[in-house]
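Trainee: Okay, here's the structure, questions in a sec.
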2 protein chains.
Amino acid sequence: MSHRTAFFVSDGTGITAETFAKALLAQFEIEPRRVRLPFIDDPDKAHQALRQINHAAEVDGRRPLVFTTVVNPEVLQVLHGHCKGMLIDMFGTFIAPLELELGIKSNHRVGRFSDVAKSREYHDRMEAINFTLDHDDGQTDRDLAQSDVILVGVSRSGKTPTSLYLALQFGLKASNYPLIPEDFERRQLPPQLLAHKKKLFGLTIDAQRLSEIRHERRPNSRYASLENCRYEVAEAEAMMRRTGIRNLSTTSKSIEEIATLIRQELDL
Amino acid sequence: MSHRTAFFVSDGTGITAETFAKALLAQFEIEPRRVRLPFIDDPDKAHQALRQINHAAEVDGRRPLVFTTVVNPEVLQVLHGHCKGMLIDMFGTFIAPLELELGIKSNHRVGRFSDVAKSREYHDRMEAINFTLDHDDGQTDRDLAQSDVILVGVSRSGKTPTSLYLALQFGLKASNYPLIPEDFERRQLPPQLLAHKKKLFGLTIDAQRLSEIRHERRPNSRYASLENCRYEVAEAEAMMRRTGIRNLSTTSKSIEEIATLIRQELDL
């Protein structure tokens, strides 16, 4: 199989370019070599990038795919000028029609995350990360009322990665509490959670899958045994039903899907 | 100021659509109302979405901006058919030229993150999150050699959010160690780090900014005082210079920029 190279060129971090390009490339059965070229923010760097792209075109014997979110007009001009790749100008393509529709000019500002870094939104996101870390795995009940969501579920049902994703991606303060055998014996939620029932959301998981995950962490333990996983999952699900906690199964869902579904359910 | 509504329509989570649309909208001085419509994966849901969009068009008296990453042809047909919004078809626009260039048809597969969830890449990402959490703030030296990067810096220089971002976004195993007064007195890095010098990366920060951040956590403490922050930052920077640790200042950078720069420097 002959090679094809995909470049992700940006005057910022290139994270938007790469994320979007990955989603597009997932539509095709190809596995291109991937090259990230972030911070291409002046004509000199653009010429350097161009040399890399045109070199790949020669070596591969095929046009590289050049996904770009470059905003700087001078940089774009260089790229458009002598590029031996297929230029997929993800911003330019939509900026002109949007200018027409909105009746205003775009400001050609580079999507610097550093501008973002000074914004209220960014500050809140950092706060959310700190809050979420402090409130991971039921570590503290302090300020629990400030949570946007409180996840509950058995150990290794996906609470921690989901909480972190909610904080990092959406700036949501996510606490999480494990449901443990003592809760099942008492047949009651951890008491500190009862005052926050509207914010509770349950994660459940197939017992077989849970057992596999737990075996990776603690091989051949009672904790990881299928029998114990079946018991814990059944008890946790019964408790969610009794208490009326909305919940979903994480078994075949990614954290992106889980997070999106939680936001929909809780209207966050 | 009259209103404009922006819709993010996807047959998946819509996270790609929203991320990309946000970057585009940042080019304009407008603040549209934002409506997320994820999981629009059959014609019925498409008709419901359409009703919402067309209703907004009437209420606003302006065409809504409809950013879509829908892949399902039937859903797209509904949206294209009777939409009173401006349809910004982020996938469709590029799929056809890419099919031509690559000489193959796209598979029209919805970018379900749940397919992703079963992949090796996703498994590695979850592993990276667990590893990073276990190795936050110098909690353990176990398996330190498995780290892709080990961040060092004074308390609140940005190590934890950066580590988590590296893990969640890029699947990198990121450990981090605080540099503390005892290290400065000994004039030496934490000894367990010396064997991993190639993986070390330093985060530094402006003392004034550090003091502000620390005051939010522990108001009026010696820990947060400008004098102490100046001392710690100067000592940490001197140690990085002496030991030859690459480093950057996080003062006016976002975690996205910091993470991208670290990947460039360490070739990750």
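Bear in mind that the values in this text are calculations on the coordinates, not laboratory data. The structure displayed is predicted, hence computed values, not measured ones. Using ideal geometry, Cβ is built from the backbone for each residue, glycine included, and neighbour counts are taken over all protein chains shown.
Trainee: Which values of log₁₀ I(q)/I(0), to two decimal places, follow from the Debye formula for the protein assembly as shown at q = 0.09, 0.11 Å⁻¹ with a uniform point scatterer at every Cα?
Mentor: For the protein assembly as shown at q = 0.09, 0.11 Å⁻¹, log10 I(q)/I(0) is -0.74, -1.12.
Trainee: Taking a point 7 Å out from Cα toward Cβ as the label site, list the nm distances between residue A:145 and the same residue in every other copy, smallest first.
Mentor: Inter-copy label distances (nm, one decimal, shortest first): 5.2.
Trainee: Restricting to DSSP loop positions (anything but H, G, I, E, B) with no more than 16 other Cβ atoms inside 10 Å of their own Cβ, which trypsin sites (Lys or Arg not before Pro) remain in the range A:186-268?
Mentor: A:187, A:222, A:246
Trainee: Here's a follow-up. Could you run the Karplus curve 6.51 cos²θ - 1.76 cosθ + 1.60 with θ = phi - 60° over the range B:181-189 and give me ³J(HN,Hα) per residue in whole Hz, x for Gly and Pro?
Mentor: Once θ is set to phi - 60°, the couplings for the range B:181-189 become x, 4, 4, 5, 5, 6, 6, 8, 4 Hz.
Trainee: Now, a different point. Is there a quick way to get the dipole size of the protein assembly as shown? I mean about its Cα centre, with the Cβ of Lys and Arg at +1 and of Asp and Glu at -1; what is the value in debye to the nearest 20?
Mentor: Numbers: 72 positive and 74 negative charges, 49 e Å.
Dipole about the Cα centre, nearest 20: 240 debye.
Trainee: What lysines sit close enough to residue B:199 to cross-link, taking a C-alpha to C-alpha distance under 18 Å and skipping anything fewer than 8 places away on the same chain?
Mentor: B:159, B:173
Trainee: Over chain B, what number does the Rg to Rh ratio reach, with both radii from the alpha-carbon atoms and Rh per Kirkwood?
Mentor: Ratio of gyration radius to Kirkwood radius: 1.11.
Trainee: Ok, one more. Report the one residue of B:28, B:5, B:204 whose Cα lies farthest in the direction of the positive end of the charge dipole of the protein assembly as shown (charges on C-beta: Lys and Arg +1, Asp and Glu -1; origin at the Cα centre).
Mentor: Of the candidates, B:204 comes out farthest on the positive side.
Trainee: Please rank A:223, A:165, B:122, fewest neighbouring Cβ atoms within 10 Å first, as an exposure proxy.
Mentor: Least to most surrounded, the residues fall as A:223, B:122, A:165.
Trainee: Amide H to amide H under 5 Å from residue B:179: which residues, 5+ apart in sequence or cross-chain, H placed 1.01 Å off N in plane?
Mentor: Correct list: B:153, B:154, B:155.
Trainee: Could I ask something else about it? Give me a comma-separated list of calculated 3J(HN,Hα) values for the range B:135-142, in order, Karplus coefficients 6.51, -1.76, 1.60 applied at θ = phi - 60°, integers in Hz, x for any Gly or Pro.
Mentor: Couplings: 9, 6, 6, x, 4, 8, 9, 4 Hz.
Trainee: So what are the ³J(HN,Hα) numbers for the range A:206-217, from phi and the Karplus equation (6.51, -1.76, 1.60; θ = phi - 60°), rounded to whole Hz, Gly and Pro as x?
Mentor: My calculation for the range A:206-217 gives 4, 4, 4, 5, 4, 4, 4, 4, 5, 4, 5, 7 Hz in order.
Trainee: Need the C-alpha centroid separation for the range A:226-268 versus the range B:207-263, integer Å.
Mentor: Result: 40 Å between the Cα centres.
Trainee: Skipping prolines and chain starts, which residues have an amide H placed within reach, meaning under 5 Å, of the one on residue B:202, given they are 5 or more residues away or on another chain?
Mentor: Placed amide hydrogens put B:152, B:246, B:247, B:248 under 5 Å from residue B:202.
Trainee: Taking the beta-carbon count within 10 Å as an exposure proxy, list A:225, A:163 from fewest neighbours to most.
Mentor: Fewest-to-most Cβ neighbours within 10 Å comes out as A:225, A:163.
Trainee: Put the label 7 Å from Cα along Cα→Cβ for residue A:182; what are its distances to the other copies, in nanometres, shortest first?
Mentor: Between copies, matching label points for residue A:182 lie 3.0 nm apart.
Trainee: Tell me the distances, shortest first, between residue A:268 and the same position across the other copies, using label points 7 Å along Cα→Cβ, in nm to one decimal.
Mentor: Between copies, matching label points for residue A:268 lie 2.6 nm apart.
Trainee: Right, something else. Neighbour counts of other C-beta atoms within 10 Å: give me B:22, B:159 arranged from fewest to most.
Mentor: Ascending Cβ contact count within 10 Å gives the list B:22, B:159.
Trainee: Here's another thing I want to ask about it. Near the amide H of residue A:4, under 5 Å away, which other amide H atoms are found, from residues 5 or more places off or on another chain, if H is placed in the peptide plane?
Mentor: For residue A:4, the qualifying residues are A:33.
Trainee: Roughly what angle does helix B:120-134 make with the longest principal axis of chain B, taking Cα atoms, 0 to 90 degrees, to the nearest 10?
Mentor: It works out to around 40 degrees.
Trainee: Over the Cα atoms of the range B:1-97, what is the Rg over Rh ratio if Rh follows Kirkwood?
Mentor: My calculation of the ratio gives 0.94.
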